[in-house]
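In what follows, a single structure is set out as structure tokens and then discussed.
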Amino acid sequence: MRKKRLVEGTDKSFVLVVLAALIFGFSFTNTEPEGLFVTPSLYRTGALESNHALPFILFYNKWSCIRLVLVRRGVFSERGIIVSKVINLGNVTVYVEDSYEALGARAADIFAEALAAAPTGVFGFATGGTPLSMYGELIRRYKAGALDFSGITTFNLDEYYPILKSNDQSYDYFMRENLFNHINVPTDRINLPNGEAPDPEIESRRYEAAVRASAGLELQLLGIGENGHIAFNEPADAYTNATNYTSLTESTVQANARFFASADEVPKHALTMGIKTIMLAKKILLVANGAKKAEIMRDALLGDITPRVPASALQLHRDVEIVLDAEAASAL
Ligand code: F6R
């Protein structure tokens, strides 16, 4: 009886993977992405201490990756996971869209669903080029009367430091210009790290406390840097726990120079939510487009979980939706 229930409750494709593994004599082990299991250093940071589902997620992730490898090798091609453009990695679902506009519409769908479920919830936003098509879509739906932001509280991931809010390169300015000024979110419930604060360490602590005192992030939107950073958590030896004052790497300064007159003008420091702050969100929505993001998406989703690839921590989150265009998905 117990055995029967176990089989019925198991994803059929898992059973097929096990059978295929037996038939092929585990020949796939050579190509299986390595290192999906949590590293001791990850535990040491305490970054994931609240994730009670961790053992299950790790197990599920492991065999989901094996399944993905089998699909790529044509063993399960008839299941069409790639063809259907939804790649299911267990706790992580990857949508592959045909265009940047379609990416924005899909991400807006996911956001709208979370908003409908929690109309007075706390939502985390991001800046950068990638979320712009999603923000355009959210504004369009708001203006069409389909979305209402009047009940929500917002927290942004990060802000340059020091920077004046009036500077058109500040993230405060970016958010007002590209989203907040066009929707009905109450201004007194909009939160960003303050790039004008006199002391960045005190400001980091204040911001972390504000996030923690909130009802908890329903959804945190993320982009990803070409070096795997999420927010401004750059590749490092350990994951960050809380909001912190950090230096930007040269690669991030160069990547962001496109928004400034020259690379010299890009601020070299920032205030950023920590990896743990992000991981505590109930749902993560990550968007990425373009060939420049292809390799890092592969490393983040299928490679080692390591603070050298900060986004790889998302493999351990229980509910992640990732929206890519075909170019960003090309190495998966
Ligand atoms: C922005 C942020 C960054 C960006 C990342 C990707 O708030 O936290 O991590 O998401 O640098 O930027 P784009 O979208 O410009 O490629």
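Each Lys and Arg contributes +1 and each Asp and Glu -1, all at the Cβ; summed about the Cα centre of region 97-325, the dipole is approximately 460 debye. Averaging the Cα positions of each part gives two centres, and for region 222-256 and region 272-332 these lie 13 Å apart. Under a 5 Å amide H cut-off, with hydrogens placed 1.01 Å from N, HIS269 pairs with TYR161, LEU248 among residues at least 5 apart or on other chains.
Each residue of region 203-209 is assigned a 3J(HN,Hα), and the resulting list reads 5, 4, 5, 4, 5, 4, 4 Hz, derived from the Karplus form 6.51 cos²θ - 1.76 cosθ + 1.60 (θ = phi - 60°), x at Gly and Pro.
The slack between ASP148 and PHE259, meaning 0.36 nm per residue of separation minus the straight C-alpha distance, is 36.9 nm.
Let me know the shape class of region 97-325, please: from the alpha-carbon gyration tensor, a ≥ b ≥ c as square roots of the eigenvalues, rounded when a/c is under 1.5, otherwise prolate if a/b is greater than b/c, or oblate. Intermediate results must be reported in sequence, preceding the final value.
On the way: a/c = 1.28, a/b = 1.11, b/c = 1.15.
Here region 97-325 falls in the rounded category.
Ranked by the mean number of other Cβ atoms within 10 Å of their residues, highest first, the peptides 275-286, 163-174 come out as 275-286, 163-174. Heavy-atom accessible surface of region 190-332, averaged per residue, reaches 37 Å², computed with a 1.4 Å probe.
Computed over the alpha-carbon pairs of region 183-223, the distance histogram in 5 Å steps reads 5, 17, 24, 27, 19, 7, 1 percent, short to long. Each residue of region 299-309 is assigned a 3J(HN,Hα), and the resulting list reads 4, 5, 8, 10, x, 4, 7, 8, x, 5, 10 Hz, derived from the Karplus form 6.51 cos²θ - 1.76 cosθ + 1.60 (θ = phi - 60°), x at Gly and Pro.
From the Cα gyration tensor of region 163-296, with a ≥ b ≥ c the square roots of its eigenvalues, which class applies: rounded if a/c is under 1.5, or else prolate if a/b is larger than b/c, or else oblate?
On the way: a/c = 1.27, a/b = 1.14, b/c = 1.11.
Rounded is the answer for region 163-296, as its axis ratio a/c remains below 1.5.
Per-residue SASA remark: GLU201, around 90 Å² accessible (1.4 Å probe; ligands, DNA and RNA not included).
Taking 0.36 nm per residue of separation and subtracting the Cα-Cα distance, full extension of the segment from GLN169 to ALA238 would add 21.9 nm. Summary value for region 204-332: 31 percent relative contact order, contacts being C-alpha pairs under 8 angstrom separated by 6+ residues.
Using a cut-off of 11 Å between beta-carbons, work out the net charge of the residues near GLY195 (Lys and Arg +1, Asp and Glu -1, GLY195 not included). That sum, taken over residues with Cβ under 11 Å, equals -4.
Note on ALA112 and GLU177: their simple-model spin labels are 2.7 nm apart, each label 7 Å out from Cα toward Cβ. Relative contact order of region 158-222: 32 percent, from C-alpha pairs under 8 Å at least 6 residues apart in sequence.
The values are calculated or read from the model by the stated rules, or taken from the named source; none is laboratory data. On a predicted model such as this, the values are computed, not experimentally measured, just so you know. Ideal geometry is used to build each Cβ from the backbone, glycine not excepted, and the neighbour counts take in all protein chains shown. When the accessible area is computed, the model is the full protein with side chains, heavy atoms only, and any ligands, DNA or RNA have been set aside. Shrake-Rupley method; radii C 1.70, N 1.55, O 1.52, S 1.80 Å.
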